[in-house]
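Structure, as structure tokens:
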Amino acid sequence: MKTAFFAFVIVASVSAQTPAPQPNAVPAGNAEAGKKLFVSYGCYQCHGYEAQGSSATGPRLGPRAIAFAAFSRYVRQPTGQMPPYTAKVVSDADLTNIYAFVSSRLAPAANIPLLK
């Protein structure tokens, strides 16, 4: 009985120390690496080199930033003409870096000198 109690206490204390994943948390990524990946995977062909998009090829990836979870879900299982980029094609780490690059393209108006 004491062994079961101690096992419960150990599990409870470890669980209490492990933070729960945040649903809207943005994983840390490298925007420079993401830019290279954006080009190497061919994303630029439809979305442009700066993710600005084109009415003829693919949508602009902004100016509203979307949550990483929604971005990842759409890249993995798109609903439009975009081909799916499964985890076998684009690793989670690469996708995180691409997201960091795309997010860095979305400058808030406060960072644009002419709009201040």
**Prompt:** For the subset of region 45-61 comprising residues that are touching a helix residue (DSSP H, G or I) at 6+ places or on another chain (Cβ under 9 Å) and surrounded by 17 or more Cβ atoms within 10 Å (Cβ to Cβ), which member is modelled with the lowest pLDDT?
**Reply:** Leu61
**Asked** Within region 43-78, restricting attention to residues that are in a loop (DSSP other than H, G, I, E, B) and of a type in the set (D, E, K, R), which residue is nearest to the chain's Cα centre (by Cα)?
**Response** Arg64
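The values are calculated or read from the model by the stated rules, or taken from the named source; none is laboratory data. Treat the numbers as computed from the prediction; the structure is a model and nothing was measured. All Cβ positions, glycine included, derive from the backbone under ideal geometry; neighbour counts span all protein chains shown.
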